[in-house]
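Trainee: Okay, here's the structure, questions in a sec.
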Amino acid sequence: MTIKLTIPGMACSACANNITNAIKAVDIDAKVEADPETKLVNVDTQTSETVIKEALVTAGYPPA
């Protein structure tokens, strides 16, 4: 399943790395594409969207 999220707080490549790491902490096999310019994150995962969003909130990057 692919989840598309907008992350207003993602400002740079370091933010994108932090977001990727937060998602991989709950799903090691997730494929994550995070683009700081568009603030969009695409996640290909078997984990529920709720779990992914909670991981991002915990990491300090709440989705819009």
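None of the figures in this text is laboratory data; all of them are computed from the coordinates on show. Because the structure is predicted, anything quoted here is derived from the model rather than measured. Neighbour counts are summed over all protein chains in view; Cβ atoms, including those assigned to glycine, are modelled from backbone coordinates with ideal geometry.
Trainee: Taking the Cα atoms only, what angle lies between the long axis of helix 49-59 and the longest principal axis of the chain, rounded to 10 degrees?
Mentor: It works out to around 50 degrees.
Trainee: Right, next: Can you find, among VAL43, THR20, VAL57, the residue sitting farthest towards the positive end of the charge dipole of the chain, where Lys and Arg contribute +1 and Asp and Glu -1 at Cβ?
Mentor: Going by the charge dipole, the pick is VAL57.
Trainee: Relative contact order of the chain, please, whole-number percent, based on alpha carbon pairs below 8 angstrom and at least 6 residues apart. Walk me through the intermediate numbers first.
Mentor: Numbers: 105 pairs, mean separation 28.8, N = 64.
Across the chain, relative contact order equals 45 percent.
Trainee: Now for a separate question. In debye, nearest 20, what is the charge dipole magnitude of the chain about its Cα centre with +1 on Lys and Arg Cβ and -1 on Asp and Glu Cβ, if you could check? Show your work: numbers first, answer last.
Mentor: Values: 5 positive and 8 negative charges, 23 e Å.
The calculated dipole for the chain is roughly 120 debye.
Trainee: Where does the chain land at 222 nm, in deg cm²/dmol rounded to the nearest 500, when only DSSP H runs of n ≥ 4 count, each adding -39500 (n - 2.57), divided by all residues?
Mentor: Values: 2 runs with 25 residues, N = 64.
Calculated from helices alone, the mean residue ellipticity at 222 nm is -12500 deg cm²/dmol.
Trainee: Could you please tell me the mean projected area of the C-alpha convex hull for the chain, averaged over all directions and given in square nanometres to one decimal? List each step's numbers first, then the result.
Mentor: Values: hull surface 13.7 nm².
Reported value for the Cα convex hull: 3.4 nm².
Trainee: While we're looking at this one, here's another question. Measure nothing fancy, just the Cα-based angle from helix 13-26's long axis to the longest principal axis of the chain, in degrees from 0 to 90, nearest 10.
Mentor: Helix 13-26 sits roughly 10 degrees off the main axis of the chain.
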